[in-house]
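Trainee: I have a structure here, written as structure tokens, and I will follow up with some questions on it.
Every read-out reported here was derived from the displayed coordinates using simple, explicitly stated rules and does not represent laboratory data. Since the structure is predicted, the reported quantities are computational estimates derived from the model, not experimental observations. Methodologically, a virtual Cβ is constructed for each residue, glycine included, from the backbone with ideal geometry; neighbour enumeration extends over all protein chains shown.
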Amino acid sequence: MPPLDVPALVLRNTHLSPDYNVLHFEAPAIAAASLPGQFVMIRTAAGTDPLLRRPFSVFEIIRDTAGSPAGISVLCKRIGPGTARLYDAAAGDRLSVLGPLGRPFSLVSPPAEAWMVAGGVGLAPFAALTEALQGTGARARLFYGGRTRADLFYLDWFASRGVTLDLATEDGSLGAHGRVTEPLDDALRARAPGLAVTLYACGPEPMLKAVAGLARTHGCPSQLSTERVMGCGLGGCYSCVVRVRDAGGTPRFVRSCLNGPVFNGDDLVWE
Ligand SMILES: Cc1cc2nc3c(=O)[nH]c(=O)nc-3n(C[C@H](O)[C@H](O)[C@H](O)COP(=O)(O)OP(=O)(O)OC[C@H]3O[C@@H](n4cnc5c(N)ncnc54)[C@H](O)[C@@H]3O)c2cc1C
């Protein structure tokens, strides 16, 4: 199905911290078509500044009282002009939202478990993934790291959906002291013999590379959501290319907006 471009009503803007917010949009058709791991391109302002849309993972699928998809939310981290405008958006604003776009995660089924690994705003694709996994019945675990405890959000949301949380902060203020890949490595070593685990990861590229390495070491498949800077989201501008190995093992460039943002960890060639 081709992506939809809708003037989506901002229903709510929840500020989680001085840098993070969650924007709720009324967008029933996009919500109904979205799969976990897909993204939308948002025109962050009505005029031409900034000119280009910005990509955001679909965070939550919002449902009405009958359970039908009514909208989506996005989790935003303010880093520049586009995300600053989204931080300041107000209920009642309308922003152009294009999507859903990109290749989604594939879901595991029991007895395999889904272990999600999020670094900072890399949490964004995992709320929708958690809800989809509830449909398969696969057990889910979230390894979630940030710089300090103030950078970790939605912990109760995940816990209330039966997700086991393994937290890590670089200053040791919550969970393990250090990088999120450390508790992940410990858990992979300690897992029951024969337990099949698929790793799902989203976060900074060094974290994705480390997760791909752990997946290889421990014999698990991995699905990594890359966040390359992206100009159009539709394959036209070639700004988001990543290097992957094709079936014969030869490296080639592909556009992450079309072939990703989710890639098998074994296919990515790291710079
Ligand atoms: C598929 C995809 C999904 C994404 N999902 C989310 C999400 O759910 N929530 C969220 O907050 N962000 C997400 N991002 C990143 C987000 O799109 C950028 O942070 C945003 O475009 C920055 O726009 P800006 O105008 O605020 O800053 P800009 O002025 O565009 O950028 C400010 C600085 O950040 C750097 N930068 C810009 N984009 C990225 C990027 N993608 N990765 C690393 N550095 C970057 C720039 O080089 C520049 O130095 C996603 C990106 C992709 C490609």
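Trainee: Going by the alpha-carbon gyration tensor, a ≥ b ≥ c the square roots of its eigenvalues, is the stretch 162-231 rounded (a/c under 1.5) or, if a/c is not under 1.5, prolate (a/b greater than b/c) versus oblate? Don't skip to the answer; put the middle values down first.
Mentor: On the way: a/c = 1.88, a/b = 1.12, b/c = 1.68.
Oblate.
Trainee: Please go through the stretch 214-271 and write out the chymotrypsin sites (Phe, Trp or Tyr not before Pro) that DSSP classes as loop and that have at most 15 other C-beta atoms within 10 Å. Please list the in-between numbers first.
Mentor: Values: sites: TYR238, PHE253, PHE263, TRP270; in loops: TYR238, TRP270.
For chymotrypsin sites (Phe, Trp or Tyr not before Pro) across the stretch 214-271 that sit outside H, G, I, E and B with at most 15 neighbouring Cβ atoms in 10 Å, the list reads TYR238, TRP270.
Trainee: Here's another thing I want to ask about it. Based on the Kirkwood radius over alpha-carbon pairs, what value in µm²/s does the Stokes-Einstein equation return for the translational diffusion coefficient of the chain at 4 °C and 1.567 mPa s? Display every interim value, and only then the final one.
Mentor: Details: Rh = 18.9 Å.
So the translational diffusion coefficient is about 69 µm²/s.
Trainee: Does the stretch 113-227 classify as rounded, prolate or oblate by the C-alpha gyration tensor (a ≥ b ≥ c root eigenvalues; a/c under 1.5 gives rounded; else a/b over b/c gives prolate, otherwise oblate)? Could you put the intermediate results ahead of the total?
Mentor: Numbers: a/c = 1.40, a/b = 1.11, b/c = 1.26.
Cα axes put the stretch 113-227 in the rounded bin.
Trainee: Expressed as a fraction of 2.2 N^0.38 Å, the rule-of-thumb size for a compact globular protein of N residues, what is the C-alpha radius of gyration of the stretch 4-101?
Mentor: Details: Rg = 12.3 Å, N = 98, 2.2 N^0.38 = 12.6 Å.
Normalised by 2.2 N^0.38 Å, the Cα Rg of the stretch 4-101 equals 0.98.
Trainee: Now for a separate question. Among PRO18, LEU4, ILE61, whose Cα projects farthest towards the positive end of the dipole of the stretch 4-101, with charges put on the beta-carbon of Lys, Arg (+1) and Asp, Glu (-1)?
Mentor: PRO18
Trainee: Compute, for the chain, the length of the dipole vector about the Cα centre, with Cβ point charges of +1 (Lys, Arg) and -1 (Asp, Glu) only. Units Debye, rounded to 20. Provide the component values of the computation, followed by the final result.
Mentor: Numbers: 25 positive and 24 negative charges, 77 e Å.
Roughly 360 debye, rounded to the nearest 20.
Trainee: Right, here's the next one. Among all helices in the chain defined by DSSP H, which have a length of 27 Å or more along the axis from Cα atoms plus a Kyte-Doolittle mean of at least 0.0?
Mentor: Details: long enough: none.
TM-like helix candidates: nothing returned.
Trainee: Output the relative contact order of the chain, whole-number percent, from Cα pairs under 8 angstrom with separation of 6+ residues.
Mentor: Values: 630 pairs, mean separation 45.4, N = 271.
Result for the chain is 17 percent.
Trainee: Based on the Cβ-Cβ distance of GLU170 and ALA46, what FRET efficiency does E = 1/(1 + (r/R0)^6) give at R0 = 45 Å, to the nearest 0.05?
Mentor: Once the sixth-power term is evaluated, E becomes 0.75.
Trainee: Return the loop-located trypsin sites (Lys or Arg not before Pro) in the stretch 157-205 (DSSP other than H, G, I, E, B) with at most 16 other Cβ atoms within 10 Å of their own Cβ; answer none if there are none.
Mentor: Numbers: sites: ARG161, ARG179, ARG189, ARG191; in loops: ARG161, ARG179, ARG191.
Loop-located and lightly packed - ARG161, ARG191.
Trainee: Still on this structure, please answer the following. Give the shape of the stretch 100-140 as rounded, prolate or oblate, defined through the alpha-carbon gyration tensor: a ≥ b ≥ c are the square roots of its eigenvalues, a/c under 1.5 means rounded, and otherwise the shape is prolate if a/b is larger than b/c and oblate if not. Intermediate values should be presented prior to the final figure.
Mentor: Numbers: a/c = 2.15, a/b = 1.41, b/c = 1.53.
Verdict is oblate for the stretch 100-140.
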